[in-house]
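Right, one structure below, let's go through it.
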Amino acid sequence: MLKRIPKFFRSFYFITSLLFIVWMLFFDSNDFVTQYQMSKQLRILEQDKEHYLEKMAEVQQDREELMGNPELLEKFAREKYLMKRPGEEVFIIVPKKEK
C-alpha cells in the first residue's frame, strides 16, 4: 500500500512541512480562526474609536460655544438640567404618546 503513494508524499520533509502547516493553521495560539476573529474585532473597535472621536469633537465645540456665550449657557442649563431662577416655576410638558 505504501508503494502506491508517490515518493514525494512519503518524504520526511513533505510530512514535516504538512504537519507544521496543520499545526499553525489549527492548533497554534495564533491560528487562522483566531487571527480572523481578532481582525474582525479590530475593525469594530476602530469604528467605535472614530465614532467617539467625532463625539468628542462635537462636545468640545459645544463646550466652547457655551462658555463663550452666557445666554446660551443659561438656555442649555434650563433645557438640559431643568434649572430655574429663584422665585420661578417651571412646567414640563410631555407629549402624549399615541399607540
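The values are calculated or read from the model by the stated rules, or taken from the named source; none is laboratory data. Computed from a predicted structure; not experimentally measured. Virtual Cβ from ideal backbone geometry, glycine too; neighbours counted across all protein chains shown.
When each of F14, F32 is tested for being of a type in the set (F, W, Y), surrounded by 10 or more Cβ atoms within 10 Å (Cβ to Cβ) and within 31 Å of the chain's Cα centre (by Cα), the lone residue that passes is F32. Taking the condition aromatic (F, W, Y) and at pLDDT below 85, does Y81 pass? Against the criterion (aromatic (F, W, Y) and at pLDDT below 85), Y81 qualifies. Would you pick out the residues in the stretch 61-81 that are under 33 Å from the mean Cα position of the chain (by Cα) and not acidic (D, E)? Hits for the stretch 61-81 are Q61, R63, L66, M67, L73, F76, A77, K80, Y81. Filtering the stretch 31-65 to residues that are more than 25 Å from I21 (Cα to Cα) and of a type in the set (D, E) leaves E46, D48, E50, E54, E58, D62, E64, E65.
Scanning the stretch 40-71 for residues that are among the small types (G, A, S) and surrounded by 10 or more Cβ atoms within 10 Å (Cβ to Cβ) returns a single hit, A57. Only one of the listed residues (E58, E50) is under 13 Å from the mean Cα position of the chain (by Cα), of a type in the set (D, E, K, R) and part of a helix (DSSP H, G or I). That residue is E50. Contact map, the stretch 1-20: first residue more than 21 Å from D31 (Cα to Cα), second residue modelled with pLDDT under 80 and surrounded by fewer than 10 Cβ atoms within 10 Å (Cβ to Cβ), Cβ cut-off under 8 Å, separation 6 or more or different chains; pairs are R10/L2. For the condition surrounded by 10 or more Cβ atoms within 10 Å (Cβ to Cβ), at pLDDT below 95, charged (D, E, K, R) and part of a helix (DSSP H, G or I), E74 qualifies.
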